[in-house]
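*Asks:* Starting off with a structure, shown below.
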Amino acid sequence: MPECEKHQYILPKKSIVSEMIMREIHTQLHHGGRALTLSHLRRKYWVVSAHALVRRCINQCVTCRRLRAKAGEQKVADLATSRITPDEPPFTRVGVDFFGPFNVKQGRSLVKRYGVVFTCFAIRAVHLEVAHALDTDSCINALRRFIARRGQVGEIWSDNGTNLVATDRELKRSIQEWNDSKIRSEMLQVNVLFT
Ligand SMILES: [Zn+2]
């Protein structure tokens with residue numbers, strides 16, 4: 001056993017010198033753990049209560065913190081059943097929303113028309129319709145045209161205008177004022193759940 005290992009330099013715990021020596025040894029050991037750093041330190045130095053110091057040094061070491069960091073995880077809820085139910089025809093469960101208005105020429109006058117977008121929850125296919133006005137009947141007509149073209153629909157989800165961007169106040173207000181129950185009963189007659 002070499003002499004310097006028998007009679008180490010005694011260093012205080014709270015000293016910048018002890019800290020620097022500890023950090024140096026830790027780096028030389030390619031960021032080894034506590035026990036390894038301590039055993040190498042004690043070949044030459046005796047730091048009073050070295051455990052606390054080595055723990056602090058390793059905790060503060062940027063490289064070690066980066067290497068031991070947990071990988072980030074996304075917090076995402078499970079997909080809704082309507083999004084992942086297999087073996088159903090496209091447009092079995094759809095979401096519906098309105099957009100517009102667009103100015104359309106009719107004869108010599110300009111009239112407002114609105115777009116209706118249907119999206120399939122499962123495969124994200126899109127179907128577009130035109131609504132002639134922002135009333136319940138136009139909405140029902142658009143829904144019926146959509147069903148006539150795409151086949152039987154199981155569920156229709158509307159957001160009742162709450163998610164619409166507030167740029168077009170008229171559109172938002174009209175959708176909120178819709179007689180939901182009328183649309184719902186109309187859709188129930190063709191076996192569609194309107195939510
Ligand atoms: Zn380190």
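The values are calculated or read from the model by the stated rules, or taken from the named source; none is laboratory data. What you see is a predicted model; the values in this text were computed from it and never measured. When we count neighbours, we look across all protein chains shown, and the Cβ atoms used for this are built from the backbone with ideal geometry, even at glycine. In case anyone asks, the SASA skips ligands and DNA or RNA and just uses the protein heavy atoms, side chains included. Shrake-Rupley method; radii C 1.70, N 1.55, O 1.52, S 1.80 Å.
*Asks:* Say we look at the range 142-169 and pick out the residues that are more than 31 Å from the chain's Cα centre (by Cα) and surrounded by fewer than 13 Cβ atoms within 10 Å (Cβ to Cβ); which of these is modelled with the lowest pLDDT?
*Replies:* It comes out as 152.
*Asks:* Tally the residues that are part of a loop (DSSP other than H, G, I, E, B) and modelled with pLDDT of 90 or more, restricting the search to the range 65-90.
*Replies:* Summing the residues that are part of a loop (DSSP other than H, G, I, E, B) and modelled with pLDDT of 90 or more in the range 65-90 gives 0.
For (1) of a type in the set (A, V, I, L, M); (2) open to solvent by 60 Å² or more (accessible area, probe 1.4 Å), each residue gets a yes or a no:
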| position | (1), (2) |
| --- | --- |
| 23 | no, yes |
| 32 | no, no |
| 43 | no, yes |
| 53 | yes, no |
| 63 | no, no |
| 68 | no, yes |
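*Asks:* For residue 18, state whether it is more than 42 Å from the chain's Cα centre (by Cα) and loosely packed, with under 13 Cβ neighbours inside 10 Å.
*Replies:* no
*Asks:* So if I check each of 121, 98, which one is more than 30 Å from residue 20 (Cβ to Cβ) and either open to solvent by less than 30 Å² (accessible area, probe 1.4 Å) or small (Gly, Ala, Ser) (or both)?
*Replies:* Selected residue: 98, the only one of 121, 98 that is more than 30 Å from residue 20 (Cβ to Cβ) and either open to solvent by less than 30 Å² (accessible area, probe 1.4 Å) or small (Gly, Ala, Ser) (or both).
*Asks:* Another question, if that's okay. Quick check on the range 29-49: of everything there that is out of contact with any Lys or Arg (no Cβ under 7 Å at 6 or more places or on another chain), in a helix (DSSP H, G or I) and touching a residue at least 12 places away in the same chain (Cβ under 8 Å), which residue is nearest to the ligand (Cβ to nearest atom)?
*Replies:* 37
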